[in-house]
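What follows draws every value from the coordinates through simple rules; no lab data is involved. For clarity, every value in this text was computed on a predicted model and none was experimentally measured. Cβ sites come from the backbone with ideal geometry, for glycine too, and all protein chains shown count toward neighbours.
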Amino acid sequence: MAKTLLVTGGAGFIGANFVRFALANRPDLRIINFDVLTYSGNLENLAGLESDDRYRFVKGDILDPEALDPLMEEADGVIHMAAESHVDRSIMDSGPFITTNVQGTQVVLDAARRAKGGKGVGRFLYVSTDEVYGSLPLENPEVRFTETSQIKPSSPYAASKTAGDLLSLAYFHTFGMDVVVTRCSNNFGPYQFPEKVIPLFVTNLLQGKKVPLYGDGKNVRDWLHVDDHCEAILAAFDRGQAGRVYNIGGDNERSNLDLTHSILSIMGHGEEMIEFVQDRPGHDRRYAIDASRIEQELGWKPTRSAWPEALVETIAWYRDNQDWWKRVKSGEYLAYYEKQYGASA
Ligand code: NAD
Ligand code: TYD
């Protein structure tokens, strides 16, 4: 029998890719996409799915229990990924991060718990982030985050995600809810809002603008293609152990300088297009994921994140889909970047 997944935040970058991936690869799944459509939620990301009878979009806010309750009755499980997602925005104003990522998660958890006469909705997967672990030093490249690493978030975004992550685990311990948490590294791929570094740099270059590199550019991120993340979420949802955390990563660490040089070279630009700008306050130095638990227990491995091929393919998507990002970029996005970084953004 088909299972119905309630996906929160399915109109954002990972959400839209997840909905597309699940519908394409899992004929046994139906999806209800529940999204309030903030600045980063965009129904264009889901164009073409409107006529799929295994898919339904419901506009609503995760802070609204009355909107969630009837959907929980229909669903066999929840993938909760609605969030405020951008670190720089959390530095400018952390309020929406606390409301959405902390309080919103509590509302979704309670709705999931009271569903079906208190039996609960079924499995609840919280899409968390490697940023809950804070920052690693550059000096010890062999050290990576494991699921038992210290939880030490640095940014308001990361702290708010940590609250949602730990609250989900608390609902497992306290109420016996069937909760699984995934903590993933930086994603890249189509439909990413062009405030995140890869689509920002690529679309700037396509517009003949420079790319604003923070600080000395030596900060390191572990890059994973979004479809590998989607596959890992499904693996954890299907086969993960209740109450357990699964790290997800690409084993693909790159400094921002390396990443920028790769983008410049793929797009045929030189170093002169780099503009070093003021560093992000509290900028985490390095993220690195040890994903051996999900690999060994659930048999998942990244297969779409090979570098530089996957980056080349992603850049080609932004080159071929200029109408999409031009519409996105002409919104309030511009005012935000101009306020923070001046004219070059
Ligand atoms: P995104 O900003 O592109 O999408 C977030 C979505 O959530 C949007 O569609 C937005 O409209 C929706 N949303 C926000 N507030 C809502 C509310 N109150 N009610 C209903 N919907 C709401 O973010 P993303 O990059 O796709 O990230 C998705 C999730 O994955 C987040 O939870 C994020 O923390 C996590 N994550 C992201 C990455 C990454 O590299 N992007 C890595 C690890 C984990
Ligand atoms: P980002 O895409 O914001 O993801 P996160 O902060 O969640 O890792 O940033 C990725 C890296 O790129 C991070 O080290 C900050 C850096 N960065 C820049 O150098 N310039 C930029 O304009 C942005 C947005 C990010």
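Cα centroids of segment 261-327 and segment 85-152: 22 Å apart. Mean residue ellipticity, 222 nm, helices only, the chain: the sum of -39500 (n - 2.57) across DSSP H runs of n ≥ 4, divided by residue count and rounded to 500, is -11500 deg cm²/dmol.
Sorted by packing (mean other beta-carbon atoms within 10 Å per residue), highest first, where do 283-290, 31-38, 79-86 land? It would help to have the intermediate numbers written out before the result.
Values: 283-290: 19.8, 31-38: 21.8, 79-86: 24.5.
My ranking of the peptides, most packed first, is 79-86, 31-38, 283-290.
In square nanometres, what is one fourth of the surface area of the convex hull spanned by the alpha carbons of segment 14-53?
2.9 nm²
For segment 184-254, take every pair of Cα atoms, bin their distances at 5 Å starting from 0, and report each bin as a whole percent. P(r) for segment 184-254, in whole percents per bin: 3, 14, 19, 20, 17, 11, 8, 5, 3, 1. Over all pairs of different C-alpha atoms, the chain has a mean inverse distance whose reciprocal, the Kirkwood radius, equals 20.4 Å. GNM remark for the chain: springs join alpha carbons under 10 Å apart, and the peak mean-square fluctuation among GLN296, GLN103, GLN192 falls on GLN296. A Förster radius of 30 Å, combined with the Cβ-Cβ distance separating ASP64 from LEU166, puts the computed FRET efficiency at roughly 0.80. Charge tally around PHE34: other residues with Cβ under 12 Å, Lys/Arg +1 each, Asp/Glu -1 each, net -3. Counted by Cβ distance under 9 Å from ARG254, the other residues give a net charge of -2, where Lys and Arg count +1 and Asp and Glu count -1.
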